[in-house]
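The values are calculated or read from the model by the stated rules, or taken from the named source; none is laboratory data. Here the structure is a predicted model, which means the values were calculated and not measured. So basically every Cβ, Gly included, is an ideal-geometry build from the backbone, and we count neighbours across all protein chains shown. Calculation scope for accessible area: heavy atoms of the full protein, side chains included, ligands and nucleic acids excluded. Shrake-Rupley method; radii C 1.70, N 1.55, O 1.52, S 1.80 Å.
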Amino acid sequence: MTGSTRSGRSGFEAIVDVGIIVLAHFKNPARKYAAQLLLDALTLEKPILVPLNAYLGAYVIMTRYLKLRRERVAQALLKTLRLESPAFYGDLHKTVVEKAIASASELNVSSWDGYLIELAKELGIKKILTIDEKLAAKSKDVKIENPIPKRIMEEYHKYIRERR
């Protein structure tokens, strides 16, 4: 990958949100799309940053809310985390966290969403890839995009409703 295809100070064009990581790691109608996006990010086919702390959130969502087996969730997430990729982002700076909490309060979003917005701004990244479409109405400085086709997301939501 050449530097000319990247943007921002970090060289990445987008940040992936926790929901994409969740979808990529268990059987569901959107898995193929999310897994391909994550693979493209981790192999640098696409300049997408993957925050490592999103894997902690993915574990919580998958085990607590989706009620998936802890052992299987851990195995799936750890398999991906064993890959070596420059797309993995592990820094967690105090100033970004402070700005994230302030943004969360100001925009009335979760502290995680505030973190992604502030991390994007800090790194000069203009886009967050997320399945949280409500975030688009709240974010002014960073573009919010759902990379999963609308029809597939509808199938996913139906699938989740039927599992309960």
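A few remarks follow.
- Residue check, D132 in contact (Cβ under 8 Å) with a residue 24 or more places away in the chain and open to solvent by 90 Å² or more (accessible area, probe 1.4 Å): no
- Within the range 106-129, considering residues that are without any contact (Cβ under 8 Å) to a residue 12 or more places away in the chain and under 22 Å from V22 (Cβ atoms), the one most open to solvent (accessible area, probe 1.4 Å): S111
- Checked against (1) at pLDDT below 95; (2) open to solvent by 50 Å² or more (accessible area, probe 1.4 Å); (3) of a type outside the set (F, W, Y), K143 passes all but a single condition, namely (1).
- Which numbered condition E118 misses (of (1) charged (D, E, K, R); (2) closer than 15 Å to N53 by Cα; (3) part of a loop (DSSP other than H, G, I, E, B)): (3)
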